[in-house]
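A quick write-up on the structure given underneath.
The values are calculated or read from the model by the stated rules, or taken from the named source; none is laboratory data. No experiment lies behind these values; they were computed from the predicted model shown. Cβ coordinates were reconstructed from backbone atoms using ideal geometry, including for glycine residues, and neighbour counts include every protein chain displayed.
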Amino acid sequence: MTGAAAALLVGVILLDFTAVSSSRLTVLIRAFAVQAVLISALALLLDGVDSIHAWAVAGGNLALKGFAIPYVMNRALVRTGTRKEAEPLLSYGASMLLAAAAAGFSFALAARLPEEARREGLLLAAAAFATMFTGLLLLVTRSKAISEVVGYLVLENGIFLFGLTLLKRQPLIVEMGILLDVFVGVFVMGIVVYNIARTFDDVDVRALTALRDEALPEEEP
């Protein structure tokens, strides 16, 4: 692995810590977008800039997760008027400690992978696991719907990053299909976020516990 690729992976891990430590949703979305840009650049470095396959994977990932999805998420922020994660289920300090522990565990887990999965280096697999754990942490500990959507996207970044360990063996149609699924999923989640905000005047998913079934009035004969 080249020094440039290692620097990109370190950047990906640092952005994981940025995501779990910030209360501002704009920073959270920006961290995800920059992470997607770094992963796209990494795909080119690992497979070579002369590979059409690498350009297709990097270009699709960059266009979708680097620009299109952040644009949709920022539009959702404007429409819902949400700016911060005021009351996370776990404090930001504790989240940082968990993220650090997950990063350490990721290196230990990556060291136990088969040699084929580690052919690009231990750091790649470790960064992939750390990013997946970060996405799960955001999903579990954040209460705003937008934060949880970004958590899902960060988790997908980790899965995509791990797929780079086998980049030359992956069929292009499978990778493009995964990106399309992510886009459709975010589009649907954007609609859900907007409807939550319109119904509850907030995007705190804990408000969903207030929903109750109400019996419809019986029609008179």
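Summary table
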{"quantity": "Some residue of segment 134-152 being at pLDDT 85 or above, assigned to a helix (DSSP H, G or I) and closer than 19 Å to Leu42 by Cβ", "calculated": "yes"}
{"quantity": "Test for Ser40: is it assigned to a helix (DSSP H, G or I), on the phi < 0 side of the Ramachandran plot, polar (S, T, N, Q) and in contact with a Leu (Cβ under 6 Å, 6 or more places away or on another chain)", "calculated": "yes"}
{"quantity": "Residue in segment 116-124 that is under 20 Å from the mean Cα position of the chain (by Cα), outside any strand (DSSP E or B) and modelled with pLDDT of 80 or more present", "calculated": "yes"}
{"quantity": "Evaluation of Leu89 against (1) assigned to a helix (DSSP H, G or I); (2) among the aliphatic types (A, V, I, L, M); (3) touching a Ser or Thr at 6+ places or on another chain (Cβ under 8 Å) (one fails), failing number", "calculated": "(1)"}
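Per-residue answers, yes or no, for (1) under 19 Å from Phe129 (Cα atoms); (2) at pLDDT 90 or above:
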| residue | (1), (2) |
| --- | --- |
| Phe17 | yes, yes |
| Leu42 | yes, yes |
| Leu46 | yes, no |
| Ala58 | no, no |
| Tyr71 | no, no |
